[in-house]
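*Asks:* Once you've had a glance at the structure underneath, I'll fire off some questions.
The values are calculated or read from the model by the stated rules, or taken from the named source; none is laboratory data. All values reported here derive from a predicted model rather than from experimental measurement. So basically every Cβ, Gly included, is an ideal-geometry build from the backbone, and we count neighbours across all protein chains shown. Keep in mind that these areas ignore ligands, DNA and RNA; they rest on the heavy atoms of the full protein, side chains included. Shrake-Rupley method; radii C 1.70, N 1.55, O 1.52, S 1.80 Å.
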Amino acid sequence: MAQNLLEQLRKFTVVVADTGDIEAMEKFRPQDATTNPSLITTAAQMPQYQPIVDGVLKDARKELGEGGSDQSVANLAFQRLAIAFGKKILAIVPGRVSTEVDARLSYDTAATIEQAHSIIAQYDASGIGRDRILVKIASTWEGIRAAEVLEKEGIHCNLTLLFGLHQAIAAADAGVTLVSPFVGRILDWYKKDTGKDYQGADDPGVQSVTKIYNYYKKFGYKTVVMGASFRNIGEITELAGSDLLTISPQLLGELDSTVGDLPRKLDPHAAKNLDIEKLSIDHDTFVKMHAADRMATDKLAEGIKGFSEALEKLENLLAKRLSELEAVAAK
């Protein structure tokens, strides 16, 4: 009997759910799950998750007391909300969940480390070990340096918003556990820049992840590659064999309902035989390569801005909900 694409993909790639929707995870049963500020904001507005949101808000108010402003309570609550969703997710998936550091701290190494410690402490307090958590950090030079410190402390990191080989090499040299190169966002940039459409192996996002994967396997890095941000299942099938792929519920559904042959495209043994130049990425080289890569420059800045705006939207939603809860309680 012919297998669907999702069943075949799972034979050589760890499938991760890219969502904050608990029900979607229960349906597809991925190994791991990733979230980001946009996904958490979306999930927080779903009626079925209102009790989680309300519980986090009440706890934040209790912690800060009546003197805390609605905005300060909302700020604390958004940090706790990602953990609350993370704990729910870990009750479903057997592997790890990625929880993201505030994107507004992306260029502040010390603040990123401090918030990562807070994330881990909250999971620790719930009896959830570090082996099940990936702290998600933007792939700025400052973020990579924070991840280097955290990894030495035994805190595993997921370097996100990764668009260029320079970011990937710097992250691997820093000893990070996992990187998340963004396939679809790279495709978006090239389509807009050139006016052309791209399919299959010609997709610039597919080519970027393939290059990173082959570089890591060629030179024996322990850092693993998790392709992210997909626009269609063609991008996913071209990256079959990647260490991990984080996929939205919609595309998981398409893979699950599509029957066909899925050959492995990425292979560590094949990568060993490729002729690839080893690069050394210090700060100046990173800055120079980043400036020379218009796509990476644009998409990193855009990604940080987008995630920061999602956090601000979430804080405003939480502040509004807090006012509603306290108005009801006052009656």
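*Asks:* Would you mind checking K152/K211; K62/K320; K196/K278; K136/K272 for any pair whose Cα atoms are more than 25 angstrom apart?
*Replies:* Flagged as over cut-off: K152/K211; K196/K278; K136/K272.
*Asks:* Another question about this same structure. Compute, for the range 247-331, the length of the dipole vector about the Cα centre, with Cβ point charges of +1 (Lys, Arg) and -1 (Asp, Glu) only. Units Debye, rounded to 20.
*Replies:* For this selection, approximately 160 debye.
*Asks:* Applying 1/(1 + (r/R0)^6) with R0 = 41 Å to the Cβ-Cβ distance of K11 and L325, what FRET efficiency is obtained, to the nearest 0.05?
*Replies:* Once the sixth-power term is evaluated, E becomes 0.30.
*Asks:* Once you sort the root eigenvalues of the Cα gyration tensor of the range 53-118 as a ≥ b ≥ c, which label holds: rounded (a/c under 1.5), prolate (a/b larger than b/c) or oblate (the other case)?
*Replies:* In terms of gyration-tensor shape, oblate.
*Asks:* Based on Cβ point charges of +1 for Lys and Arg and -1 for Asp and Glu, what charge dipole magnitude is obtained for the range 1-149 about its Cα centre, in debye rounded to the nearest 20?
*Replies:* 420 debye
*Asks:* By the gyration tensor of its Cα atoms, with a ≥ b ≥ c the square roots of the eigenvalues, what is the shape of the range 204-327: rounded for a/c under 1.5, prolate for a/b over b/c, or oblate?
*Replies:* Taking the square roots of the gyration eigenvalues as a ≥ b ≥ c, the range 204-327 is oblate.
*Asks:* Another question, then. What whole-number value in Å² describes the accessible area per residue of the chain for a 1.4 Å probe?
*Replies:* So the chain comes to 43 Å² accessible per residue, rounded to a whole number.
*Asks:* Under a GNM of the chain (C-alpha, springs under 10 Å), which listed residue has the highest mean-square fluctuation: F12, F219, F230?
*Replies:* F219
*Asks:* Which one, Y215, Y49, Y107, has the greatest fluctuation when you compute a Gaussian network model over the chain with C-alpha springs under 10 angstrom?
*Replies:* Y49
*Asks:* Let me ask something additional. Taking only the alpha carbons of the chain, what extent do you get along each of the three principal axes, in Å, biggest first?
*Replies:* Cα extents, longest axis first: 70, 54, 42 Å.
*Asks:* Then there is this: Positive end of the charge dipole of the chain (Lys, Arg +1 and Asp, Glu -1 on Cβ, about the Cα centre): tell me which of A2, H269, A74 has its Cα farthest that way.
*Replies:* Farthest towards the positive end: A2.
*Asks:* Can I ask one more? Got a number for carbon plus sulfur as a percent of the range 76-126's accessible area, 1.4 Å probe?
*Replies:* Within the range 76-126, the accessible surface is 53 percent carbon and sulfur.
*Asks:* By DSSP, what percent of the beta bridges with both residues in the chain are antiparallel, rounded to the nearest 5?
*Replies:* Percentage antiparallel, nearest 5: 5.
*Asks:* Can you give me the Cα centroid spacing of the range 79-123 and the range 268-291 in angstrom?
*Replies:* 29 Å
*Asks:* Given springs between every Cα pair under 10 Å in a Gaussian network model of the chain, which of A33, A147, A84 has the largest fluctuation?
*Replies:* Among A33, A147, A84, the largest GNM mean-square fluctuation belongs to A84.
*Asks:* Using all C-alpha to C-alpha distances in the range 212-282, build P(r) with 5 Å bins and read off the rounded percent in each one.
*Replies:* Reading the bins upward from 0: 3, 15, 23, 21, 14, 12, 7, 3, 1, 0.
*Asks:* Between A292 and K27, with labels modelled 7 Å along Cα→Cβ, what's the label distance in nm to one decimal, could you check?
*Replies:* For A292 paired with K27, the spin-label model returns 4.5 nm.
*Asks:* May I pose another question? To the nearest 20 debye, what charge dipole does the chain have about its Cα centre, counting +1 at the Cβ of each Lys and Arg and -1 at the Cβ of each Asp and Glu?
*Replies:* 400 debye
*Asks:* Return a whole-number percent for the relative contact order of the range 56-203, with Cα pairs under 8 Å and 6 or more residues apart as the contact set.
*Replies:* Relative contact order of the range 56-203: 16 percent.
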